[in-house]
Amino acid sequence: MSTRKGIKIIKLDESKIQELLSNFASLYSCDDFSDIINQNLFYTLEGKFKQVYMFKKNNFLEELLLKLNDLDFFPYSIGTPILKEYNNSYFKPTLTFGSLVKDKCNNKITIDRNKAELITFKKSIIINNLFSFNNAIVLDDRKDFVAFAILKPIKLNKIENATEVIPTLDIGWYLREGG
């Protein structure tokens with residue numbers, strides 16, 4: 001698929017992708033991403049918005065992208081979207097990236113299916129627990145990725161040690177806004 005205005009395809013070098021992923025890793029206390037970086041190629045597609053894509057290292061695909069670019073044929077998408085730029089200044093993870101890195105990150109919480117359902121409708125939930133971190137990957141009780149969230153300690157009348165889980169990006173987003 002291509003667009004009339006065209007999309008710039010820019011290959012990211014290892015230092016740039018390390019920088020982008022280190023910001024994410026510090027927020028969610030993630031282990032080393034070197035295996036992901038070593039096994040994949042990373043490209044930025046710039047059009048109406050900028051998004052970072054990755055795909056397994058493959059010389060044929062890389063050559064194909066370069067040839068398409070030389071012919072002014074710009075694919076709308078390549079590989080797996082992992083980061084999207086917001087306000088021309090910072091990158092946020094995509095839902096797909098959450099599923100890929102959920103096992104590499106330490107700042108995660110597990111919730112039951114009923115609460116996971118609420119999160120997918122962009123509803124905050126209260127859980128009876130305090131956490132030592134503010135940003136979390138939310139998993140359901142089957143360990144499936146549900147959302148990225150901000151954790152806010154609160155005190156309620158009956159619950160002294162509680163946390164409000166506020167979704168920042170959840171799997172229900174696709175249904176509400178499309179993506």
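The values are calculated or read from the model by the stated rules, or taken from the named source; none is laboratory data. Fair warning: this is a prediction, and the values are worked out from it, not measured in the lab. Cβ placement follows ideal geometry from the backbone for every residue including glycine, while neighbour counts extend to all protein chains displayed.
Structure summary
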{"read-out": "Those residues of the range 110-128 which are assigned to a strand (DSSP E or B) and within 15 Å of Leu169 (Cα to Cα), in sequence order", "value": "Ile125"}
{"read-out": "Tabulated pairs, the range 7-25, first over 27 Å from Phe133 (Cα atoms), second at pLDDT below 90 and assigned to a loop (DSSP other than H, G, I, E, B), C-beta under 8 angstrom, 6+ apart or interchain", "value": "Ile7/Gly47; Ile7/Phe74; Ile7/Tyr76; Lys8/Gly47; Lys8/Phe74; Ile9/Phe74; Ile9/Ile78"}
{"read-out": "Failed item in (1) among the aromatic types (Phe, Trp, Tyr); (2) surrounded by 13 or more Cβ atoms within 10 Å (Cβ to Cβ); (3) within 27 Å of Ile119 (Cα to Cα); (4) modelled with pLDDT under 90, with Phe55 passing the rest", "value": "(3)"}
{"read-out": "All strands (runs of 3 or more DSSP E) inside the range 1-66 with 2 or more residues being of a type outside the set (D, E, K, R) and over 18 Å from the mean Cα position of the chain (by Cα)", "value": "8-11"}
{"read-out": "Where Ile78 falls short, out of the listed (1) outside any loop (DSSP other than H, G, I, E, B); (2) over 30 Å from Ile166 (Cβ atoms)", "value": "(1)"}
{"read-out": "Complete set of residues in the range 42-67 that are more than 16 Å from Thr96 (Cα to Cα), hydrophobic (A, V, I, L, M, F, W, C) and touching a residue at least 12 places away in the same chain (Cβ under 8 Å)", "value": "Leu45, Phe49, Leu61, Leu65"}
{"read-out": "Any hit, the range 73-82, residues being at negative phi, at pLDDT 85 or above and not hydroxyl-bearing (Ser, Thr, Tyr)", "value": "yes"}
{"read-out": "Single condition Asn87 does not satisfy, out of (1) within 28 Å of Ala136 (Cα to Cα); (2) at pLDDT 75 or above", "value": "(2)"}
{"read-out": "Within the range 147-168, considering residues that are more than 18 Å from Ser29 (Cβ to Cβ) and touching a Leu at 6+ places or on another chain (Cβ under 7 Å), the one modelled with the lowest pLDDT", "value": "Asn161"}
